Number of protein chains: 2
Amino acid sequence: MSRQSVQMELAERPETNIIPGQTFRLVSVPVPTEADLQDGQLLVESLYISLDPAMRGWLVDRPSYLPPVQIGEVMRAGAIARVLASKSSVAAPGDIVSALVGFAEVRILHESAGTVQKAFPLPPNGKVTDLLGVLGLTGMTAYFGMTKIGEPNKGETVVVTAAAGATGSVAAQIAKIKGARVIGTAGTDEKVRWLREEMGLDVALNYKDPDFQKKFKEATPDLIDVFFDNVGGEQLDMALARANKFSRFVICGGISQYNTAEPQGPKNFLNVITQRIKVQGFIVLDYATEFGAALQQLSQWLAEGKIRRKETIVKGGLKAAEGAMISLFEGHNTGKLMIEVKNPEGESKL
Amino acid sequence: MSRQSVQMELAERPETNIIPGQTFRLVSVPVPTEADLQDGQLLVESLYISLDPAMRGWLVDRPSYLPPVQIGEVMRAGAIARVLASKSSVAAPGDIVSALVGFAEVRILHESAGTVQKAFPLPPNGKVTDLLGVLGLTGMTAYFGMTKIGEPNKGETVVVTAAAGATGSVAAQIAKIKGARVIGTAGTDEKVRWLREEMGLDVALNYKDPDFQKKFKEATPDLIDVFFDNVGGEQLDMALARANKFSRFVICGGISQYNTAEPQGPKNFLNVITQRIKVQGFIVLDYATEFGAALQQLSQWLAEGKIRRKETIVKGGLKAAEGAMISLFEGHNTGKLMIEVKNPEGESKL
């Protein structure tokens, strides 16, 4: 009997929340072998799979910056993987790559997707999982959003929502590096403490605090110059009400709105005119030609200790993927959330 | 007995719509004379007073780009006026000026407000009322919004809302001059006909048409590259749903939301991310240092017949001001709406 590989496929598009046992389906398929490879293809095994809020958008059947995941297709996800066999010049057997492997233990990828990247040398204090976090698309999302759109100046006030999340925590630290006064929001007192004590933010606020609105106002006496938003909804509205003239609103995500069938638009939208706000959305993939320079900068900041990070690594392999994805939208993770499929130093966790 | 000057003061802040006989109060005051002037002041009589959607915002008791009009204060408004007496070097008796005279027949202004501008030589086909329209803040609002934020390229699709209004009609024509395909929306079939037949727009649509949404979609097969918005609300939401990648949304106004106590935020806001939209608000006064160059360009386009305009001039002086202001929000005007207080060529209309 051939060895089996577990993978998670999209079974049904969720209307609102992901439904355990219904949205996704765990299946076993025969492990592909070297003999199955065509020119330009690589056979890889997943080590760590990334969980990102953006994945919710890929489940919606609507044209977007990436095509929607189809019913019956393996759920798309970024991952760190090891090459088992290769008919591609991109990477050789044994190499570690980052790639859109998807929710699969073993998979054949094609180099032409442009998404298979051989791991670059890590800084002295770097870890392989950083390739999904600070030194992956997550870190670069924070980097390009903050430096290309937010452009904080020394002494300006920057607010980052979901600041204890993977992207937010890097974005907030980049704003600190740029000399801004940085306020972060998060959903638990523990995250707030972490932001204040370990990430060095000037102010951290729990958005579930009954006095949040009052505290938010008090924390922004000079109004907001840069708003780096991962949340949307009420926090976006509050920020519009506290926006400074010529402020920049970096629209990175809107996790409060992803699972709702009736999204709430920002009621204070007209402040965009009176305060001359620039509200701009972006997708990290648009900056692909600048990835090299961004990674070099992020590696340097990581090596210098100017950027710190935390990871929430869920063990249990693909069986834990569905639960981990649901917990992402419930805000249980601090820093980068990922599933460990196979520890590269040890045994398979399956 | 001294001569009297009529003026309209703010009596009560409206919660939603302006209420006839309640929001404003018409009063008579003794006409000031030359003897009342201090150094730097000018005594002026209004000829034409401008009515603009932005005036609604000045009635709200909230800090903004201009201070709110106070209860008992003459309502702020732009005007074309004639200088009766002057202790300022800005203009001499007999000169025509454009200034924030307000809703008043005769008034003393101070030059230091920086808002008293001596009329510049008009192009051959120019009229004095153009100083409130194409060659005034209205035309420049269209100019800066379209050229500095919208930046339409040849062949791109531009949508202008309230395209038969004062600002919209100029904005739409500038987009045509830049070689774009231009779609305008308006609220009557007559305006739509005017936009198509006289303004030369590629498509004009009545937003009150039951099939508007369908027609809007059909009119934007290549999606929208520049959205120049004066309206907000549903039209903004429809545009977000049809936004092209890297489109520019010029937020000039939101007249659909000015009179409501419960503003509607754009439900499709998250498209800002997926389509990487830049949404930017602006105030024409921010471009003051570039007014000269803008007026030169607009004068040239007017002289060349590349920009045409229409005016809706309400006779009856200040007694007609309240009704005219209400009609502005009901969308009765095509092109620039103004009150004639005194025809410079003839007798006073009071």
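Please work out the Cα center distance from the range A:211-278 to the range A:104-181, rounded to the nearest Å.
22
At a probe size of 1.4 Å, how large is the accessible area of A:H332, to the nearest 10 Å²?
Solvent-accessible area, nearest 10 Å²: 120 Å².
Report P(r) for the range B:26-103: all Cα-Cα distances, bin width 5 Å, range 0 to the bin holding the largest distance, values in whole percent.
Values per bin, smallest distances first: 3, 14, 21, 21, 18, 14, 7, 1.
Below 8 Å between Cα atoms, with a sequence gap of 6+, how large is the relative contact order for chain B in percent?
Numbers: 766 pairs, mean separation 60.3, N = 350.
Computed over chain B, the figure is 17 percent.
Report the rotationally averaged projected area of chain B based on its alpha-carbon convex hull, in square nanometres.
Details: hull surface 70.8 nm².
Here the figure is 17.7 nm², rounded to one decimal.
Taking each label point as 7 Å beyond Cα in the direction of the beta carbon, state the distances from A:E234 to the same residue in the other copies, shortest first, in nm.
Output for A:E234: 3.0 nm, nearest copy listed first.
Suppose we keep just the alpha-carbon trace of the protein assembly as shown; what are its Rg and Dmax in angstrom?
Looking at the protein assembly as shown, its Cα Rg and Dmax stand at 29.9, 113 Å.
Every other copy gets compared here: list the nm distances from the A:A11 label point (7 Å along Cα to Cβ) to its counterparts, shortest first, one decimal.
Distances to the matching label points in the other copies: 6.8 nm.
Could you state the angle between the C-alpha long axis of helix B:166-177 and the longest principal axis of the C-alpha atoms of chain B, as a value from 0 to 90 degrees rounded to the nearest 10?
So the inclination is approximately 50 degrees.
What percent does the relative contact order of the range A:52-106 come to when contacts are Cα pairs within less than 8 Å and at least six residues apart?
Numbers: 69 pairs, mean separation 15.9, N = 55.
Once divided by the residue count of the range A:52-106, the mean separation gives 29 percent.
Per the helix-only calculation at 222 nm, which mean residue ellipticity applies to chain B, given -39500 (n - 2.57) for every DSSP H run of n ≥ 4 and division by its residues, nearest 500 deg cm²/dmol?
Numbers: 9 runs with 75 residues, N = 350.
The helix contribution divided over chain B gives -6000 deg cm²/dmol.
Peptide A:281-290: average number of partner chain Cβ atoms within 10 Å per residue? List each step's numbers first, then the result.
On the way: counts 13, 6, 5, 0, 0, 3, 0, 0, 0, 0.
That average works out to 3.
Could you sort A:145-153, A:273-281 so that the peptide with the highest average Cβ count within 10 Å comes first and the rest follow in order?
Values: A:145-153: 20.9, A:273-281: 22.7.
Ranked by mean Cβ neighbours within 10 Å, highest first: A:273-281, A:145-153.
Search the structure for amide H atoms under 5 Å from the amide H of B:S5, placed 1.01 Å from N in the peptide plane, and list their residues when 5 or more places away or on another chain.
Placed amide hydrogens put B:V29, B:V31 under 5 Å from B:S5.
Taking the axis that carries chain A onto chain B, what is the nearest Cβ in chain A, and at how many Å, to the whole number?
Residue nearest the A-to-B axis, with distance in whole Å: A:G265, 1.
Report, as an integer, the average count of C-beta atoms from other chains found within 10 Å of each Cβ along B:247-256.
Details: counts 0, 1, 3, 0, 8, 1, 2, 4, 0, 0.
Shielding by partners across B:247-256 averages 2.
Can you pull out the trypsin sites (Lys or Arg not before Pro) in the range B:1-75 whose DSSP state is coil and whose Cβ has at most 15 other Cβ atoms within 10 Å?
Filter output for the range B:1-75: B:R3.
What's the long-distance tail for the range A:235-350, i.e. % of Cα pairs beyond 19 Å? Please report the intermediate quantities before stating the final value.
On the way: 4596 of 6670 pairs.
Tail of P(r) above 19 Å: 69 percent of Cα pairs.
Relative contact order of the range A:137-285, please, whole-number percent, based on alpha carbon pairs below 8 angstrom and at least 6 residues apart. Don't skip to the end; give the middle numbers.
Working: 312 pairs, mean separation 33.9, N = 149.
Normalised by residue count, the contact order of the range A:137-285 is 23 percent.
Can you tally the net charge around A:M55? Count Lys and Arg as +1, Asp and Glu as -1, for every other residue whose Cβ sits under 15 Å from the Cβ of A:M55. Don't jump to the answer; show the numbers that get you there.
Values: positive: A:R13, A:R56, A:R62, A:R76, A:K336; negative: A:E9, A:D52, A:D61, A:E73, A:E322, A:E330.
Every neighbour counted, the sum reads -1.
Which residue, A:V29, A:V203, A:V231, tops the fluctuation ranking in a GNM of chain A built on C-alpha contacts under 10 Å?
Ranking A:V29, A:V203, A:V231 by mean-square fluctuation puts A:V29 first.
Quickly rank B:177-183, B:44-50 as a protection proxy: mean count of other C-beta atoms within 10 Å, highest first.
B:44-50, B:177-183
Give me the percent of the accessible area of the range B:137-285 that comes from carbon and sulfur atoms, probe 1.4 Å, all protein chains in place. Let's see the in-between values first.
Values: 2510 of 5430 Å².
Carbon with sulfur: 46 percent of the solvent-accessible area.
Sort the range A:137-285 into rounded, prolate or oblate with this rule: let a ≥ b ≥ c be the square roots of the eigenvalues of the Cα gyration tensor; rounded if a/c is under 1.5, and if a/c is not under 1.5, prolate when a/b is larger than b/c, oblate otherwise.
Rounded, because the longest to shortest axis ratio a/c is under 1.5.
So the label point sits 7 Å from Cα along the Cα-to-Cβ vector; using that for A:R193, what distances do you get to the other copies, in nanometres, sorted shortest first?
7.3
If you restrict to DSSP beta bridges whose two residues both lie in the protein assembly as shown, what percentage is antiparallel, to the nearest 5? Present the calculation step by step, with values, prior to reporting the outcome.
Details: 65 of 115 bridges.
Taking every DSSP beta bridge within the protein assembly as shown, about 55 percent pair in antiparallel fashion.
Taking a threshold of 32 Å on the Cα-Cα distance, which of the pairs A:K87/A:K306; A:K306/B:K267; A:K154/B:K148 fall above it? Walk me through the numbers on the way to the answer.
Values: A:K87/A:K306 40 Å; A:K306/B:K267 38 Å; A:K154/B:K148 26 Å.
Over 32 Å apart, Cα to Cα: A:K87/A:K306; A:K306/B:K267.
Excluding A:T115 itself, calculate the net charge of residues whose Cβ lies under 13 Å from the Cβ of A:T115, where each Lys or Arg counts +1 and each Asp or Glu counts -1. Working shown, then result.
On the way: positive: A:R76, A:R107, A:K118; negative: A:E111.
The answer is +2.
Using a cut-off of 28 Å between alpha-carbon atoms, which lysines can reach B:K315, once sequence neighbours fewer than 8 places away in the same chain are excluded?
Here the lysines satisfying the reach criterion relative to B:K315 are B:K118, B:K127, B:K191, B:K336, B:K342, B:K349.
The values are calculated or read from the model by the stated rules, or taken from the named source; none is laboratory data. Keep in mind that this is a model prediction, so the values were computed, not measured. Positions of Cβ are backbone-derived with ideal geometry, glycine not excepted, and every protein chain shown enters the neighbour counts. These area figures cover heavy atoms from the full protein model, side chains too; ligands, DNA and RNA do not enter into them. Shrake-Rupley method; radii C 1.70, N 1.55, O 1.52, S 1.80 Å.
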